[in-house]
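For reference, the structure discussed in these notes is given below.
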Amino acid sequence: MDRITFINELSQALSYRVSPREVHQLVEYYDEMILDLMEDGLSEAEAVAKLGDPEVLAQEAAGEIPDFEVEVPKRFNWLFVLIAILGFPLWGSLLLAAVLLILSMYIVIWCVPFCTGVFGLSATFAGLVSVVLSSFALQDGLFVAITQLGIGVLFFGLGILSLVATMKISLYFVKISRNVTRRLFRGRGRVHA
């Protein structure tokens, strides 16, 4: 069977099983497969025979029989591999620069919560240490001990407030990061018919 006969029979078999748009898409798909097989060295008749019976393919497209795969041999293009290897210093450095640019954007976004978190932890720790050690400051006088205790409570309170603020603003920065990630990868993974 030649390619034109195969395409005509496939179109007729599909016409009452699927929508006209799907008929057009499937006919183009199988025509392209035949041309690819012919480019790989098969004759027109061999390429058509490798795809199988048009009626069976139409039944498969309509979901009447289980799917099967047609193995299309892939050609290995040495020229592409050679260009990719020789061009690695250029495209590799550009890829690394793009990755580092994206990473730096996320670092900038997360600077505020990181700074408030570090301040919260250090102020809480300093406040606790100051409160605990204020009893040792009694030997220098009651005024020094009370001042150190007050400063310790102040730092402890500021640290706790800073940690709470960090938790609250981190939720906001997670939303910002998600939006940035969506914008970076918008359109990827979509299948266009």
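The values are calculated or read from the model by the stated rules, or taken from the named source; none is laboratory data. Bear in mind the structure is a predicted one, so any value in this text is a computation, not a measurement. Cβ coordinates were reconstructed from backbone atoms using ideal geometry, including for glycine residues, and neighbour counts include every protein chain displayed. Ligands, DNA and RNA are excluded from the accessible area calculation, which covers all protein heavy atoms including side chains. Shrake-Rupley method; radii C 1.70, N 1.55, O 1.52, S 1.80 Å.
Some notes on this structure:
- For the stretch 116-193, the alpha-carbon radius of gyration amounts to 1.94 times the rule-of-thumb value 2.2 N^0.38 Å expected for a compact globular protein.
- Per-bin percent of Cα-Cα distances, the stretch 1-63 [10 Å]: 25, 55, 19, 1
- Rounded to the nearest 20 debye, the dipole magnitude of the chain is 1940 debye, with +1 charges on Lys and Arg beta carbons, -1 on Asp and Glu beta carbons, and the Cα centre as origin.
- Each helix, a run of at least 4 DSSP H residues, gives -39500 (n - 2.57); summed and divided by the residues of the chain, these come to -25500 deg cm²/dmol at 222 nm.
- Placing unit charges on the Cβ atoms of the charged side chains and taking the dipole of the chain about its Cα centre, the candidate lying farthest along the positive direction among Thr116, Asn179, Gln139 is Gln139.
- In this structure the stretch 121-193 gives 78 Å² per residue of accessible area when probed at 1.4 Å with all protein chains present.
- Treating each Cα of the chain as one equal point scatterer and applying the Debye formula with no solvent, the log10 of I(q)/I(0) at q = 0.08, 0.11, 0.18 Å⁻¹ comes out as -0.63, -0.81, -1.13.
- 0 to 90° range, to nearest 10: angle between helix 3-15 axis and the chain longest Cα axis: 70
- Here the chain has 69 percent of its accessible surface on carbon and sulfur atoms, given a 1.4 Å probe and all protein chains in place.
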